[in-house]
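In what follows, a structure is listed as structure tokens, so that the remarks can point back to it.
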Amino acid sequence: MFGLSELAVILIVVIAVLAAKKLPELARSAGKSARILKAEAKAMNDGQPTAQPRVIPGETVTPKATDDGKQRR
């Protein structure tokens, strides 16, 4: 019969096969989060307010309306 270590390896392989579609998306979002965190930490250490957010290709950005009713990015 199977031992505990063999069952653990089989379970890990099954999870990896079933979650293979989501792994690239998870890695991409983790990378974006790490970049944002790094940029915010650097800005906080510099003592300067954060700059305008960078636009990452593939994401939708909606323009914000100003007080005078004109739209800006």
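The values are calculated or read from the model by the stated rules, or taken from the named source; none is laboratory data. Computed from a predicted structure; not experimentally measured. So basically every Cβ, Gly included, is an ideal-geometry build from the backbone, and we count neighbours across all protein chains shown. All accessible areas refer to the heavy atoms of the entire protein, side chains included, with ligands and DNA or RNA removed. Shrake-Rupley method; radii C 1.70, N 1.55, O 1.52, S 1.80 Å.
3J(HN,Hα) along segment 33-39, derived from phi through the Karplus expression 6.51 cos²θ - 1.76 cosθ + 1.60 where θ = phi - 60°, amounts to 5, 5, 5, 5, 4, 5, 5 Hz, with x in place of Gly and Pro.
Distance between the pseudo-spin-label points of LEU18 and GLN52 (7 Å out from Cα toward the beta carbon): 4.6 nm.
Probing with 1.4 Å while keeping every protein chain in the model, the per residue accessible area of segment 1-44 equals 92 Å².
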